[in-house]
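No lab work stands behind these numbers, since they all come straight from the coordinates. Just so it is clear, the model here is predicted, and its values are computed rather than measured. Note that we place each Cβ from the backbone using ideal geometry, even for glycine, and neighbour counts take in every protein chain shown.
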Amino acid sequence: MSFTPTELEVEGAAGGGTVPGAPVPPPAGRPATEWRRVTRAFLGDRVAVACSVYIVLIILMAVAAPLLVKISGYGPLEFDQDAVDPNLGGIPLGPAGGMGADHWFGVEPGNGRDIFARIVYGARVSMLIAISATLLTTFLGVVFGLVAGYFGGRVDMVVSRVMEFLMAFPALIFMIAVLSALPAENRQFLLVLVISFFGWPYLARIVRGQTMSLKEREFVEAAKASGATSSQIIFKEILPNLASTIIVMTTLAVPGYVGTEAGLSFLGVGVVPPTPSWGQMIASSVPWYAVDPAYFLIPGAFLFLLVLSFTVLGDRIRRLLGEGAA
Amino acid sequence: MIRFVADRLLGMLVVLFLVCLFTFVIFFVLSPDPAVQICGKNCTPEAIDQIRANLGLDQPFWTQFGTFLTGLFAGRTYGTGPNAIDCAAPCLGYSFQSSQAVTDMIAQRLPVSATVAVGAAVLWLLAGVAGGLLSAVREGRFADRFIAGLTLTGMSIPNYVLALSLQFLLVVTLGWLPFPQAVAFTDDPVRWFQNFLMPWIVLAVGMAAVYTRLTRANVIETLQENYVRTARAKGLSPGLVWRRHALRPALTPIVTIFGMDFAGLLGGALITETVFGINGIGKMAADSITKNDQPVIMGVTLLAAFLVVVGNMVVDLLYTAIDPRVRVGSSA
Amino acid sequence: MTDALLHVRGLTVGFPAAHGPNEVVKSLDFDLERGGALGIVGESGSGKSMTSLAIMGLLPKGAKRTGSVTFDGTELTALPERAMRSYRGDRIAMIFQDPLSSLNPYYTVGTQIMEAYRSHRTGVTRRQARNVAIAAMERVHISDAAKRVDHYPHQFSGGMRQRVMIAMTLSMEPELIIADEPTTALDVTVQAQILDLLAEIRADTGAGLILITHDLAVVSEVTDHIVVMRDGDLVEQGPAERIFTDPQEPYTRMLLDAVPRIDDEIGLLRTMHTEEGR
């Protein structure tokens, strides 16, 4: 939802030639980038550091959710009818949607659930699903891309057709349809599967392109001449040179998946209530906007900032690695 | 050339066939018995059987799929006798819940989705190319960095968050725009425009961000090309260097990519239409999922895939027309 | 001092860098006589290409140029950009190393040859410009020029493309042609043809020629006068004959030694040592 196919392609493509902007695999077979120099440059980039800090905070929030909730006093599934006014249809008592010492972020209208607790647990859901999907997509994308790019011929033909097919699919409609037809068990696992199913071709296509140009290079010829097997060449020569591309694409994929999960939850086919999800909270907030805008603004802001941090971070990393490789 | 087109056409058909098949399989496996739904209340087992027979639901999978495929090209008839329903070609299915052929339902809503797509497309092309050019020309300076910040933001905000924010801000809080309400252009052009303004903006923001970055990257890269240096060495005026040697090579790929994106959008912007209550193909898809109106879901899925595949092929063809290297081939 | 066509004094090109400006061309002095041929020789990174860009005023953004470049009595470094543009392509023309990337793939060869002509000469019809383009192509021995003028760059072979580049310069009848590594990207056999072509044009038009290359063999054929550069410095200069037979500087001698000769003994490859240990 946050990304159309063109966007991921633009941000990461290198093979096509008409879409520049990605880190180009470095010219020789030497170690892909000087990691130390890159790390130092990264730490000096204030914006990148700020984004990383926010991301780490959210991850910590997700990991420490049970603990945080103990401190704040309310669980994500607890109803607190005292915090809402039954005479006014369930509007939270107090300013800004009930924010105060008791409920740090206020409460949900109607059922009085603590928003802080739900945000914290929602972070869990978002990060878990997004990171799992990213890992799975990266694995599939790299494997298929390498295989198709290196071996060429019929293998490439088959993989490319599959990729074309998956990319032509109106993924969103399909995901919604499939998810709404499936039972509610293991929903998070299914979400990861479905998202990854449609997501891996975008990375695979780029990996394939770069593998194809890398395998023509002299250092691969040299390795072949000295008797290296295909798998040795793939893992020792080609893969390290893809490292910077993979890192950039991965960093840019995460916000896409965060957005996708949130979008699916927004539409009601994502995480199953009462499990909290930022997307689902946003959907629920719509009828209450006029009287309790905080209920929309808080999860909206968290979601936006998380996606923004990852996107900006990915952009910075891409620029750093691009310069390093040159 | 003919070979190339034929090749691509074949590939296109294969992909579409597979999409059909795949969708059919998934729905075959997943969806509850449509006969039960159609039957409605006061159903008897005999009635369900009868409906099933009419719809051909008791046939084996491949027969059903075959019927569907032939229906695409030659139309089909549901049931027999006086209650038989005719579905003219291309028959994408029949929605019993709405008592309409899916193709007709799509045709009715296509103008609306097209309006959304066209308006957004104009906005995002203009904004994207202008922003990209400005960034490229002022590379590294404030304008470039500012626009970069805008594009990153535009790319990151989920479109429903943006849609809702705009709606809350402009309609509820500030009251600058009225609540969206279906109105024909001929009846009330102002209201019509106000209805579409927010969806246009929401869709355009994300795409404009991408196109700005794309344009910027292309222009910067083109300006470093050797042939630009040659043009300057010939003493050509900056305007000529710019127009002929920088813009043309830099912008052509963008136009072709645009074709693909636009085609994809014609299939309906599901989330945006849903949020703004626009009665287009996207909203129809979302509603049909809620109502579990399977033929509609299938039909829309196929349409969307078709548009993407066709868009892809058009782009490839455009490339052969535009890039002499592809068009003419070597004859040295 | 005779009335030289090109008179370069103290030409310096520097780029701003963290520890003070990085000078890639350090205070060059040389002259080019009218109708003369000068070779600028050096390894990659010696600053020879930058020198030619500095003369043309085509240095990349951020470069600083100081010194004097006098062309036919006019101080080029003092000219505003607009005036300099009228010199470029018209009185001073340049040929670059890689003809494939130096030609715009989207336009026909004819269009690109005609561009310069129509830009610099007013009141010229398309027909006239086209004829000029065809004539230029014939001048560089491209057969079937009337037809091939409408072909695209990728439809020509490497050597032919370089001829097209030369035709582009010829159409304007420049007084000075600067050729930056014109043969480096070409096959050895084609190299000879291109050099012959350049010599022929010099003889026909009396234009001055600056030939920039790392290849001493190339330079020995075409030039009367040689400038040897290294790391931006002018190491040695003199008549070509003298440089080859009696080089004064050790660096020049090393460059000469590196050129393989048919009567060389087969021995160990001599490595190049420099004082700075580069």
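Per residue of the protein assembly as shown, what 222 nm ellipticity follows from adding -39500 (n - 2.57) for every DSSP H run with n ≥ 4, rounded to the nearest 500?
-19000 deg cm²/dmol
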Region A:163-291, convex hull of Cα, quarter of hull surface, nm² -> 10.8 nm²
Longest principal axis of chain B (C-alpha) makes with the long axis of helix B:61-74 (C-alpha) an angle, in degrees to the nearest 10, of 60 degrees
Principal axes first, then extents: for the Cα atoms of region C:1-82, list largest minus smallest coordinate on each axis, whole Å, largest first. 42, 32, 19
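Would you mind estimating how fast region A:56-129 diffuses translationally, via Stokes-Einstein at 10 °C and 1.306 mPa s with the Kirkwood radius over Cα pairs, in µm²/s?
128 µm²/s
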With +1 on each Lys and Arg Cβ and -1 on each Asp and Glu Cβ, and nothing else charged, work out how big the dipole of the protein assembly as shown is about its Cα centre, in Debye to the nearest 20. 900 debye
Taking only the alpha-carbon positions of region B:45-149 and ignoring solvent, what does the Debye formula give for the base-10 log of I(q)/I(0) at q = 0.10, 0.20, 0.24, 0.25 Å⁻¹? -0.53, -1.04, -1.22, -1.26
How many Cβ atoms of partner chains, on average, are near each residue of B:320-326 if near means within 10 Å of its Cβ? 3
Taking a quarter of the surface of the convex hull around the Cα atoms of region B:256-332, what do you get in nm²? 5.8 nm²
Going from the fewest other Cβ atoms within 10 Å to the most, one would list A:L303, A:L136 as A:L136, A:L303
With C:R34 itself left out, Lys, Arg at +1 and Asp, Glu at -1 over residues whose Cβ is under 14 Å from its Cβ give -4
Express in % the proportion of alpha carbon pairs of chain B at distances exceeding 36 Å. 37 percent
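Which order do peptides C:33-46, C:171-184, C:58-71 fall in by mean Cβ count within 10 Å, highest first? Intermediate results must be reported in sequence, preceding the final value.
Values: C:33-46: 20.1, C:171-184: 22.0, C:58-71: 14.9.
Per-residue mean Cβ counts within 10 Å order the peptides as C:171-184, C:33-46, C:58-71.
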Among A:Q232, A:Q280, A:Q210: highest mean-square fluctuation, GNM of chain A, C-alpha pairs under 10 Å: A:Q232
Provide B:T252, B:T301 in ascending order of the number of other Cβ atoms located within 10 Å of each residue's Cβ, fewest first. B:T252, B:T301
When all Cα-Cα pair distances of region B:117-252 are considered, the percent exceeding 28 Å is 35 percent
I need the P(r) histogram for region A:216-260: all alpha carbon pairs, bin width 10 Å from 0 out to the longest distance, whole percents. 25, 35, 22, 14, 4
How are the alpha carbon pair distances in region A:58-214 distributed across 5 Å bins from zero to the largest one, expressed in percent? 2, 9, 13, 12, 12, 11, 11, 9, 7, 6, 5, 3, 2, 0, 0
Kirkwood Rh over Cα pairs of chain C into Stokes-Einstein at 37 °C, 0.692 mPa s: D in µm²/s? 166 µm²/s
D (µm²/s, integer) via Stokes-Einstein for region C:110-247, Kirkwood Rh across alpha-carbon pairs, 10 °C, 1.306 mPa s: value 97 µm²/s
Quick check: Cα centre of region B:127-163 to Cα centre of region A:247-326, how many Å? 19 Å
Could you quote the convex hull projected area for chain A, Cα atoms only and averaged over all directions, in nm²? 19.0 nm²
Take peptide B:148-157, look around each residue's Cβ out to 10 angstrom, count Cβ atoms belonging to other protein chains, and average those counts. 5
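What do you get for Rg/Rh of region A:254-297 when both radii come from the Cα atoms and Rh is the Kirkwood radius? Mind showing how you got there, number by number?
Numbers: Rg = 10.7 Å, Rh = 10.6 Å.
Computed over Cα atoms, the ratio is 1.01.
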If you take the alpha carbon radius of gyration of region C:5-153 and divide it by 2.2 N^0.38 Å, what ratio comes out, to two decimals? 1.23
Given all pairs of different Cα atoms, what value in angstroms does the Kirkwood hydrodynamic radius of the protein assembly as shown take? 32.3 Å
Expressed as a whole number, the average count of other chain Cβ atoms within 10 Å around the Cβ atoms of B:223-229 is 5
Put one equal scatterer on each alpha carbon of region B:176-332, apply the Debye formula with no solvent term, and list log10 I(q)/I(0) at q = 0.11 1/Å to two decimals. -0.67
Just to confirm the number: angle between the C-alpha axis of helix A:239-267 and the first principal axis of chain A, 0 to 90 degrees, nearest 10? 30 degrees
Environment charge of C:E249, counting only residues whose C-beta is closer than 10 Å and scoring Lys/Arg +1, Asp/Glu -1: +1
